[in-house]
Amino acid sequence: MIPTIPRSRSFRVLYGGYVLLFFLYLALPLTVVAVFAFNDSQFPSLPWEGFTWNWFFGEDRPQIGVFHERGILRSVGTSAFVAACVAVLSVSVGTTNAFLFNRYEFRGKGALYVLMLLPLVIPGIVLGISILVFSSTLANGIWNAAEVDIQALRPGLLLVILGQFSFITTIATLVITARLQKFDRTLEEAALNLGATRLTAVRTITIPFLMPAMIGAVVVAFLMSFENFNTTLMLVGSDAPLTIAMFDRLKEGSTPLLNAVSLLLMLGSSILALVVILFQRR
Amino acid sequence: MTPDLECVDLVKRFGDTTAVDDVSFSVPPGSFFSILGPSGCGKTTIMRMIAGFLDPTSGDIRIKGGTVLDTPPNKRPVNMVFQHLALFPMMTIADNIGYGLRRQGMAKAQIARKVDEALDRIGLPGIGARKVDELSGGQKQRVAIARCMVLEPDVLLLDEPLGALDLKLREHMKIELKALQAAFDTTFVYITHDQSEALVMSDQIAVMNAGRFEQVGTGQDLYYRPATPFVAGFIGEANRWTGRIDRVEGSSLEMRTDTGLAMRATAAHALSKGDTAEIFVRPESVHIAANAEALAQFENRMQGRVTSLLFNGAASRVLVEDDAGETLEVTLPQTGEFASLKRGDKVHIGWGAAQAMCFAGAA
Amino acid sequence: MRAEARIGFILLLTPLLLWLGLLIVIPHIDMLIISLRERISFGVYEPSLTQYEKALTEPLYLRTFWRTAVMSVLATAITLLIAFPVSYYIAKMARGRLQQVLFMLCLIPFYVSELVRTFGWMILLRETGLISNLLQWAGLADQPVEMLYNDAAMMVGLVYTSMLFMVVPLVTTLESLDDSVVEAGYDLGGNGLSVLREIIIPHAMPGIVSGCIVVFMLSLGNYLTPTMLGGKDSLWFTEMIYNQFIVRSNWELGAAFGFMLLVLSSVIVWGMLRLTGRTLQETMG
C-alpha cells in the first residue's frame, strides 16, 4: 500500500475518491458559512436572494453589517483582550516550566510533569466549574471574614482569563519544552566561557533560540483563547467574549451577520495560522 | 618564567569513580600542549575543570601563577574551542566573534574594528555578515578560534575540535592550527584521542590513561623512548612479546618469550633476571631481506613466511609468520626491492636490540 | 554556584506550583468538597452523599451519563475509522507538495472556532438547509427534510470537530514508518491485509492511542455540538452540568456531576493507556 507496490486501477480510483470525499466533508460546512455571508436575505439559507456586502458594511437595520454592529465589535474587543492576556501569561509560565523540567532534577519531578499534563485531559466544562466553585468559595470566605466583596472573584473576565490560562499553559509548556530539548547546552557553556554571566547567556543565546517556539506558542495560545467556548461558558460574567456572544445570538435564530463574523474569524485565524507555520519553517 | 597554566595534584571523583587521579603538569608560555588519551581517560574532565565547568575534588589550578579555583567560568582568563565548536547559530559571524567583547562592555566601533582584525588574521576577511551555516567546516573552525582569540586569553583550550571534520580537511587543519598558534603566540592546550594530531602539532604531549598521566614529553620522546608499556602500545604500532628475563647486562638484556624464542632488547627501566617482561618492536624497525647475511648486523634475526600483504601505499606492511607460529607486522620498504613479494614467500627479518624496548610485565 | 542554582530553581518552581495548585488541584478538591455536602437552609450545609445518591438513582441522570460515555466511544471509533485511511494516504501515498498541501488542508478548519463549524452544519442540515433543498431539487424528497436535532446529526458534528486531533498524530506516526519495511512485508509474501494488520497498525499504535484519547476527551467534554445539533432526546452530560450550575444554581449536584465526568474520563483514559501499555507522558508529551 505504498506507491512502489502496484495496485489495481480500481483500488486507486476508489482510494483517491475516498480521500476526495473526506476533504469535501472537511470543506463543506466552512464553505457554506462563508458563502451565505453574502446572501441578500434575512436568513443564512436558500433561496439565494443575490449578492450583497451589507452583512459586512451595512449601516441600517435590518441589514446591519459587522463593522457597524456595536455588540459584536465590543465582544471582539473583549475576546482580543482576554486572548492577549492568556497568550502572554501562558507563554511566560510555559517558558519557566520548560526551563524547570529541562534543567533541574528534583524529587517528584515525574509526578509534577504528569500533573502538568492533566489540564489537557480534564474536560473544559469541569475545569470551568472547578475554578468557578473555588473562586466563589474564596470570595464568600473573604466576605464572611472581612465583609469585603471582591468582585474580581465573581464570574467575569479575570476568571475567564484564569480558566483559559489553566489549560493553555500546558500546551505552551509542551511546545517550548520540545524546542528547549533540542538546544545544545554547550552553546550556553561557550557563552559563559566567553565572559557572559548565567543570566546573560540565557538572555543572549537560549532565548533567541527559543524565540520561534515562543512566538508559535503565543499565536496558538491566542487562537485557542479566542475560540474557547466550554471553559469560558462557565466563567463568563457580563462582558461576553465573541464566541459566547455569537452563541447567544445563534440560540435566538441566526442572520447572515453571524456568517459574516464567522468568515472574518476564519480569515483572521488562517492568517495567524499561516504566521505560525512560516515561523516554524524558519 | 611562570608557567601560563599549572595543575597541581588535581583530583576529580564522581561518586566512586576517580576520573582524574592526582595529575600535575605545567605549560610554559607560548607553547602547544596536548593531552592525548583514549576516550574516557579523563582528559575532557581536566579541560572542563580548567574552564571552570567542573570543580576539582582536590588540587589546584593556577593561571599565570594565581589560583583560579574561586573564579567562575565567565571570569577565567581561559577560553575554549568546543568539540562541536558551539558557534551561536542565531548570530552572524561578526556577532559570534564580538560576543565576548560585548560582554566586556566594549564600545561598538571598537568591537567592529577588533572583529575585522580577527577575521583578517584567520584569513577570512569580509565574511562578518554571513551566517554560521554558510561556512565550511574549516572556516567554522577558524571562526571558533577567532571568537576566543579576540579576548586575548592567557590559555586557549581546544577540545578535540577536529573530530567532526573529514580526513583530508583534518590533515590540513593540523598544519593550520599550528600556524595560528604561532601567529597568536598564545598557549594552546589541546585534547585529542588522535595521536597524529598530537604528534604533528604539539611542543609537549601528555599521554593519559585511566585518569593518570603516563608520560609527558615531546613527540620524539613518546615515540622513541616510551616510559610505560601503555605509551609504547598507544603511540605508533608495535609487535609485542611477553616472557621472562634470562640475562641482564647494563641496559641491554635477553628475554625468553613464552613461545621459546630468545630475544635481545633494551630495558626502558631497571629489570633483573627472572622478571616477567614485555618487549615492543615497531613494524618500521623490522628489516626484511631475502637472505640471512643481509641482516647480520642485527641482534635479533628470524625467518618466516609471508601470510598476508597489507597494501596501503607508503604505509604498506606484510604479516610474517615466524617458525614459532607467531605473526609479526613488518613495514615494507618503498625501494621497490620487495614489490614482487607474494603470499607464501620465505623471508628473513631482523631488528636491533636498541629498537626493542623492554618493560616489566603485568606479572 | 550552589546558592545561585537553588534560587533559580525556586524562581522557576513557583509559577508552576501557583498555576497547578491554585487553578487545578485546589479547585478540584473544593469541587469535591462541595459535591459532598447538602444544603439544609440558606448558608447552612451538612456533609452528605445525597448528591451522588441522587445522581445514581435518578434514571434521567444515569441514562444521560451512560449515553454520553457510549456515544463518545462511538464517536472516537468512527473518527478513527474515517481518519486512518486519509492519514495513511497523506503520510505514505501522497508525495512532496501534495502531501504538504493535504496536511495543511486538514489543519485549517480547526483554526476556526468550534462555533463556526457547528454553525456550518446547522446551515447544511436544517429544514431550510442546503441538503434538504438539494434532496427536493433532485426529487428524492417532496417536502423539506429536517436533519438536525437527532443523534446522527450530533455524531456528524462530533466526528467533524475532533477529526484534526486524530489525523495529526496518525500522520506523524505513519510518516515515521519506513517504506522499506512495508516493501519487506510484501517481499516476504504478505498481502495488503496482513501487512496492514501486522506491520502498519502496530507501528501506528502510539498515534492511534493518543488520537483516541484526545478525541474521546473532546467528545465527552463537548457542550456546543450536542446542544446545537442534538435533539431534545440527545441530552449530553455537560448540558446537565451547565443546567445545574447556571440554570438551577444547584452547585452541589452540579459539582457531583462534574466529578462523575472527571472520574469517567480518567477511568477510560487510564484503561486505554493500560490496555496499550503506554504512559501519559509518552502519549501527550
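Looking at B:Arg121, B:Arg113, B:Arg62, B:Arg102, can you tell me which residue is in contact with a helix residue (DSSP H, G or I) (Cβ under 7 Å, 6 or more places away or on another chain), at pLDDT 90 or above and assigned by TED's automatic domain parsing to the domain that holds B:Pro28? Talk me through it step by step, then tell me what you get.
On the way: B:Arg121 fails: at pLDDT 90 or above; B:Arg113 fails: in contact with a helix residue (DSSP H, G or I) (Cβ under 7 Å, 6 or more places away or on another chain); B:Arg62 fails: in contact with a helix residue (DSSP H, G or I) (Cβ under 7 Å, 6 or more places away or on another chain).
Result: B:Arg102 is the single residue among B:Arg121, B:Arg113, B:Arg62, B:Arg102 that is in contact with a helix residue (DSSP H, G or I) (Cβ under 7 Å, 6 or more places away or on another chain), at pLDDT 90 or above and assigned by TED's automatic domain parsing to the domain that holds B:Pro28.
State all residues of the stretch A:93-117 that are of a type outside the set (Val, Ile, Thr), at the interface with chain C (Cβ under 7 Å from one of its Cβ atoms) and touching a residue at least 24 places away in the same chain (Cβ under 8 Å); if no residue qualifies, say none.
If the condition is that a residue be of a type outside the set (Val, Ile, Thr), at the interface with chain C (Cβ under 7 Å from one of its Cβ atoms) and touching a residue at least 24 places away in the same chain (Cβ under 8 Å), then A:Asn97, A:Phe99, A:Met116, A:Leu117 are the ones that fit.
Which one of A:Val121, A:Val66, A:Val93 is under 22 Å from C:Pro15 (Cα atoms) and at pLDDT below 85? First the steps, then the outcome.
On the way: A:Val66 fails: under 22 Å from C:Pro15 (Cα atoms); A:Val93 fails: at pLDDT below 85.
Residue meeting the stated conditions: A:Val121.
Scan the stretch B:167-182 for residues that are surrounded by 12 or more Cβ atoms within 10 Å (Cβ to Cβ), in contact (Cβ under 8 Å) with a residue 24 or more places away in the chain and either under 19 Å from B:Arg121 (Cβ atoms) or not aliphatic (A, V, I, L, M) (or both) and jot them down.
Once the filter is applied, which keeps residues that are surrounded by 12 or more Cβ atoms within 10 Å (Cβ to Cβ), in contact (Cβ under 8 Å) with a residue 24 or more places away in the chain and either under 19 Å from B:Arg121 (Cβ atoms) or not aliphatic (A, V, I, L, M) (or both), the stretch B:167-182 yields B:Arg170, B:His172, B:Met173, B:Lys174, B:Glu176, B:Leu177, B:Lys178, B:Leu180, B:Gln181.
Of these, A:Thr170, A:Thr186, which one is among the hydroxyl-bearing types (Ser, Thr, Tyr) and in contact with a strand residue (DSSP E or B) (Cβ under 9 Å, 6 or more places away or on another chain)?
Numbers: A:Thr170 fails: in contact with a strand residue (DSSP E or B) (Cβ under 9 Å, 6 or more places away or on another chain).
Testing whether each residue is among the hydroxyl-bearing types (Ser, Thr, Tyr) and in contact with a strand residue (DSSP E or B) (Cβ under 9 Å, 6 or more places away or on another chain) leaves just A:Thr186.
What about C:Leu107, is it part of a helix (DSSP H, G or I), facing chain A (nearest Cβ under 9 Å), modelled with pLDDT under 80 and more than 22 Å from C:Ile268 (Cα to Cα)? Break it down stepwise before answering.
On the way: part of a helix (DSSP H, G or I): yes; facing chain A (nearest Cβ under 9 Å): yes; modelled with pLDDT under 80: yes; more than 22 Å from C:Ile268 (Cα to Cα): yes.
In short, yes.
In the stretch C:223-268, how many residues are hydroxyl-bearing (Ser, Thr, Tyr) and within 13 Å of the chain's Cα centre (by Cα)?
As a first pass, look at the stretch C:223-268 and keep what is hydroxyl-bearing (Ser, Thr, Tyr): C:223, C:225, C:227, C:234, C:238, C:242, C:249, C:265-266.
Of the ones still in play, those that are also within 13 Å of the chain's Cα centre (by Cα) are C:223, C:225, C:238, C:265-266.
Residues flagged as hydroxyl-bearing (Ser, Thr, Tyr) and within 13 Å of the chain's Cα centre (by Cα) within the stretch C:223-268 amount to 5.
The conditions are (1) on the phi > 0 side of the Ramachandran plot; (2) touching an Asp or Glu at 6+ places or on another chain (Cβ under 6 Å), and A:Gly195 fails exactly one of them. Which is it?
Going through the list (1) on the phi > 0 side of the Ramachandran plot; (2) touching an Asp or Glu at 6+ places or on another chain (Cβ under 6 Å), A:Gly195 breaks only (2).
From the list B:Glu152, B:Glu176, B:Glu171, pick out the single residue that is in contact with a Gly (Cβ under 9 Å, 6 or more places away or on another chain), among the acidic types (Asp, Glu) and modelled with pLDDT under 90. I'd like the intermediate steps shown before the answer.
Numbers: B:Glu152 fails: in contact with a Gly (Cβ under 9 Å, 6 or more places away or on another chain); B:Glu171 fails: in contact with a Gly (Cβ under 9 Å, 6 or more places away or on another chain).
Selected residue: B:Glu176, the only one of B:Glu152, B:Glu176, B:Glu171 that is in contact with a Gly (Cβ under 9 Å, 6 or more places away or on another chain), among the acidic types (Asp, Glu) and modelled with pLDDT under 90.
Restricting attention to the stretch C:127-139, which residues are at the interface with chain A (Cβ under 7 Å from one of its Cβ atoms) and crowded, with 22+ Cβ neighbours inside 10 Å? Write out each step before concluding.
Filtering the stretch C:127-139 for residues at the interface with chain A (Cβ under 7 Å from one of its Cβ atoms) gives C:128-130, C:133.
Residue satisfying the conditions is C:Gly129 alone.
What number of residues in the stretch A:7-34 are within 27 Å of the chain's Cα centre (by Cα), more than 9 Å from chain C (Cβ to nearest Cβ) and either β-branched (Val, Ile, Thr) or under 22 Å from A:Asp60 (Cβ atoms) (or both)?
Summing the residues that are within 27 Å of the chain's Cα centre (by Cα), more than 9 Å from chain C (Cβ to nearest Cβ) and either β-branched (Val, Ile, Thr) or under 22 Å from A:Asp60 (Cβ atoms) (or both) in the stretch A:7-34 gives 0.
Identify all residues within the stretch A:163-207 that are over 19 Å from A:Phe101 (Cβ atoms), polar (S, T, N, Q) and in contact (Cβ under 8 Å) with a residue 40 or more places away in the chain; write none if there are none.
A:Gln164
From the residues in the stretch C:1-55 that are of a type in the set (Val, Ile, Thr) and under 30 Å from A:Leu192 (Cα atoms), which one is surrounded by the most Cβ atoms within 10 Å (Cβ to Cβ)?
Here is the first cut: in the stretch C:1-55, the ones of a type in the set (Val, Ile, Thr) are C:7, C:10, C:14, C:24-26, C:29, C:33-34, C:40, C:44, C:50.
Now narrow it down to the ones that are under 30 Å from A:Leu192 (Cα atoms): C:7, C:10, C:14.
Working: C:Ile7: 10, C:Ile10: 10, C:Thr14: 12.
If we take residues in the stretch C:1-55 being of a type in the set (Val, Ile, Thr) and under 30 Å from A:Leu192 (Cα atoms), then C:Thr14 is surrounded by the most Cβ atoms within 10 Å (Cβ to Cβ).
Taking the criterion of being in a loop (DSSP other than H, G, I, E, B) and assigned by TED's automatic domain parsing to the domain that holds B:Pro29, would at least one residue in the stretch B:180-189 satisfy it? Quick ask: steps written out before the conclusion?
We begin by selecting, within the stretch B:180-189, every residue in a loop (DSSP other than H, G, I, E, B); these are B:185-186.
After this cut, where a residue has to be assigned by TED's automatic domain parsing to the domain that holds B:Pro29 as well, the list is B:185-186.
Yes, the stretch B:180-189 has at least one match.
Per-residue answers, yes or no, for (1) part of a loop (DSSP other than H, G, I, E, B); (2) touching a residue at least 40 places away in the same chain (Cβ under 8 Å):
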residue: B:Glu254; (1), (2): no, no
residue: B:Ser272; (1), (2): yes, no
residue: B:Glu278; (1), (2): no, yes
residue: B:Arg305; (1), (2): no, yes
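In this structure, does A:Phe183 turn out to be at pLDDT 90 or above and outside any helix (DSSP H, G or I)?
Details: at pLDDT 90 or above: yes; outside any helix (DSSP H, G or I): yes.
When the stated conditions are applied, A:Phe183 passes them.
Of the conditions (1) closer than 19 Å to B:Ala356 by Cα; (2) modelled with pLDDT of 85 or more; (3) not hydrophobic (A, V, I, L, M, F, W, C), B:His269 satisfies every one except a single condition; which number is it?
Tallying (1) closer than 19 Å to B:Ala356 by Cα; (2) modelled with pLDDT of 85 or more; (3) not hydrophobic (A, V, I, L, M, F, W, C), B:His269 fails exactly one: (2).
The values are calculated or read from the model by the stated rules, or taken from the named source; none is laboratory data. Computed from a predicted model, the values in this text were never measured in an experiment. For neighbour counting, all protein chains shown are included, and Cβ atoms are generated from backbone atoms with ideal geometry for every residue, glycine included.
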